[in-house]
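Every number in this text was worked out from the coordinates using simple rules, so none of it is lab data. Please read all numbers here as calculations on a predicted model, not as lab measurements. Glycine gets a Cβ as well: all are built from the backbone with ideal geometry, and neighbour counts include every protein chain shown.
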């Protein structure tokens, strides 16, 4: 636990250094003045509202585990899910799989928690893409590239799911992993099987809508920050900017999209008439109330996980 906390602190410090570097590069005085125009009360409210997105995503996670046959107590599962947010700045958010280790003492195999994680991440992509497609229709009245990406991911996921569900292919993959004594490979194959079990049309629709709701809340916060900074920007356009930056940050595989998402927000905002200092201030404020607030919640949740994983707690569950 303490080794993990040291890594978490390192991730936070690196991310903070990148954010501060962006402020220095953009002009410290100008950016701080732009941030000062956003009141502390507004930022606190934005952080609270943006954090509601994590509750929505937790509901999806809890449903996924129940679909796989595991009824983890709400309090313990909430603490475990939130603890994964502390490692959300890892590449592809893979650090969030730390939840799998915390779920092991509660009887949830690695394959099932990792299968739920795959469904979680893939539905995130679909949910964000759904928001982007809707924004494109509102702004230009036509389907944009994000909408095409959503269609490709959706069709591709079901096609791959069909292959995974085919017994001969699954058996060959398991035999290959076992023959070479590759335990991680065997767990990965089993995780794909668990993912395929819950990747049904009904669950995909539910998970995608929940993801769209979660990221829609954060996009709304971004829109409010833009308007509070005096930037005349249509809500649909702000939504599209947020979606583009989110997808670019995820595609870059940079830990947490650090630097990539901020740069995307800044350049898009400047393209719509924002001054550089204002654009940087909006980007930093947005990431503080979405990403860094989530990391803080994750760090605090580690204490809750330790309480729920005490022997007495485990025997009662």
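A few comments on the model shown:
- In terms of overall dimensions, the C-alpha atoms belonging to the stretch 50-316 reach 58, 43, 32 Å along their principal axes, ordered largest to smallest.
- Among 63-70, 131-138, the order from most to least packed when residues are scored by Cβ within 10 Å on average: 131-138, 63-70
- Coordinate range along principal axes, alpha carbons of the stretch 98-148, Å, largest first: 51, 14, 12
- Normalising by residue count, the stretch 62-123 has a Cα convex hull of 73 Å³ per residue.
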